[in-house]
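Please read the structure below before turning to the comments.
The values are calculated or read from the model by the stated rules, or taken from the named source; none is laboratory data. Predicted model only: the values in this text are computed from it and were never measured. Note: ideal-geometry Cβ built from the backbone for every residue, glycine included; neighbour counts use all protein chains shown. Accessible surface is based on the protein model in full, side chains and every heavy atom, while ligands, DNA and RNA are left aside. Shrake-Rupley method; radii C 1.70, N 1.55, O 1.52, S 1.80 Å.
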Amino acid sequence: MMLNYDYPLYRPPSEADSLIFQVTLGCSFNECSFCDMYRSKQYSERSWDEVKAEIDMMAKMLPDTKRIFLADGDALNLSVEYMQKIVKYLREKFQNLERISCYAMPMNVLKKTPEELKLLRESGLDMFYLGIETGSDLILKKVTKGATSVTMIRAIKKAMDAGYIMSCMIILGLGGKTHSKEHIRGTAEVINATAPHYVGALTLYLENGIKDEFMTKFGEPFIPVSDHDALDELEDLISQIDVKNNVIFRANHGSNAYTIKGTFPQDKQMMQEKISWMKQHPEVIRPVGLRGF
Ligand code: SF4
């Protein structure tokens, strides 16, 4: 018997093999104009009785679980006390656990004190996935992200200071053709200011249900970037990233036309050379039919 999930259910690609517990449903913000993941759900928090029953059941079925992801969209919205209770219980029931992670909105990191973040970290919460999306304040406003480049930087630094592994996402094409340069400049600035452990680049894909809202909120004609433009953005981003600490960079998400990965700072030149090569070999592009979000 498997868990009775409340669909749709999302998790980061790197949590594909993780055991997922839905400790919350939906997203408490649910207003980013490019994201329709939880539009069909009203945000709610699952009761301890429900969560505990699922943990007890899965601890019997999959006692050797190594990784757990806490869903849905912003489990860090739970109170510190409740999150600590869940994380501690998971650590007690799954003795071979290596990592517990969840999505985290900048706001949910910032509203916790450094002590509270450390408490959760010491209780066994290891990693946050945080969507930077873009470091451009202009575009963040147009896509109603509910955060600025400054709040992004503060949240990432605060979480890293408390000992969390940070995996951040950015979205190629989010500013369209008009704001492409601004998008990449701001995004590189946020990455350079924070040097998260991981940065993943996705490509904008607007589901039909969200397109009109996105276009209206954008406030000006939105001109989508082409695959070639997205590769230019990737090239510009890589050339503008300048970090001393290691940043594992991946642009291998299913939404991307081109795939590239490497670790900054040592692989920067290799990635730049690979992009130059890809520009000469457009046949390596991922066919549109094989892309997905
Ligand atoms: S991008 Fe994240 S914060 Fe924004 S609506 Fe989607 S799940 Fe919520």
- Quick one: in the range 231-263, of everything that is among the small types (Gly, Ala, Ser) and part of a strand (DSSP E or B), which residue is nearest to residue 143 (Cα to Cα)? 251
- Query: If we scan the range 41-54, do we find a residue that is within 11 Å of the ligand (Cβ to nearest atom), open to solvent by less than 50 Å² (accessible area, probe 1.4 Å) and either in a strand (DSSP E or B) or among the charged types (D, E, K, R) (or both)?
  - Reply: yes
- Within the range 194-220, the residues that are within 20 Å of residue 131 (Cα to Cα), part of a helix (DSSP H, G or I) and among the β-branched types (Val, Ile, Thr) are 194, 210
- Query: Among the numbered criteria (1) open to solvent by 70 Å² or more (accessible area, probe 1.4 Å); (2) within 14 Å of the ligand (Cβ to nearest atom); (3) in contact with a Leu (Cβ under 9 Å, 6 or more places away or on another chain), which single criterion is violated by residue 34?
  - Reply: (1)
- Query: Quick check: is even one residue across the range 221-230 over 21 Å from residue 200 (Cβ atoms), acidic (Asp, Glu) and not in a loop (DSSP other than H, G, I, E, B)?
  - Reply: no
- Contacts under 9 angstrom Cβ, first residue in the range 23-40 being over 12 Å from residue 10 (Cβ atoms) and among the hydrophobic types (A, V, I, L, M, F, W, C), partner outside any loop (DSSP other than H, G, I, E, B) and near the ligand (Cβ under 8 Å from one of its atoms), 6 or more apart: 32/131; 32/133; 34/133
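Let's see how each residue does on (1) over 23 Å from residue 271 (Cβ atoms); (2) small (Gly, Ala, Ser); (3) touching a helix residue (DSSP H, G or I) at 6+ places or on another chain (Cβ under 9 Å):
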site: 175; (1), (2), (3): no, yes, yes
site: 182; (1), (2), (3): no, no, yes
site: 206; (1), (2), (3): yes, no, yes
site: 213; (1), (2), (3): yes, no, no
site: 222; (1), (2), (3): yes, no, yes
site: 225; (1), (2), (3): no, no, yes
site: 232; (1), (2), (3): no, no, yes
site: 248; (1), (2), (3): no, no, no
- Task: Could you tell me whether any residue of the range 180-191 is in contact with a Cys (Cβ under 9 Å, 6 or more places away or on another chain) and open to solvent by 10 Å² or more (accessible area, probe 1.4 Å)?
- Result: no
- Query: Do we have any residue at all in the range 66-84 that's more than 20 Å from the chain's Cα centre (by Cα), of a type in the set (Asp, Glu), away from the ligand (no atom under 16 Å from the Cβ) and in a helix (DSSP H, G or I)?
  - Reply: yes
- Of those in the range 22-31 that are more than 7 Å from the ligand (Cβ to nearest atom) and out of contact with any Leu (no Cβ under 6 Å at 6 or more places or on another chain), the residue farthest from residue 214 (Cα to Cα) is 22
- Query: From the residues in the range 57-85 that are under 23 Å from residue 110 (Cα atoms) and of a type in the set (Asp, Glu), which one is most open to solvent (accessible area, probe 1.4 Å)?
  - Reply: 81
- Task: Report, ordered by the first and then the second residue, all pairs with beta carbons closer than 6 Å, sequence separation of six or more or different chains, a first member in the range 86-112 that is over 18 Å from residue 131 (Cα atoms) and open to solvent by 10 Å² or more (accessible area, probe 1.4 Å), and a second member that is acidic (Asp, Glu) and not in a helix (DSSP H, G or I).
- Result: 96/64; 99/126
- Here is a list of conditions, (1) part of a helix (DSSP H, G or I); (2) of a type outside the set (A, V, I, L, M); (3) surrounded by 17 or more Cβ atoms within 10 Å (Cβ to Cβ), and residue 272 meets all of them except one; can you say which number that is? (3)
- Query: Are there any pairs with C-beta distances below 8 angstrom linking a residue in the range 278-293 that is within 17 Å of residue 171 (Cα to Cα) and at pLDDT below 85 to a residue that is part of a helix (DSSP H, G or I) and open to solvent by 60 Å² or more (accessible area, probe 1.4 Å), with the two at least 6 apart or on different chains, and if so which?
  - Reply: none
- Message: If I ask for residues that are of a type in the set (S, T, N, Q), within 14 Å of the ligand (Cβ to nearest atom) and more than 14 Å from the chain's Cα centre (by Cα), which ones from the range 109-147 would you list?
- Response: 144
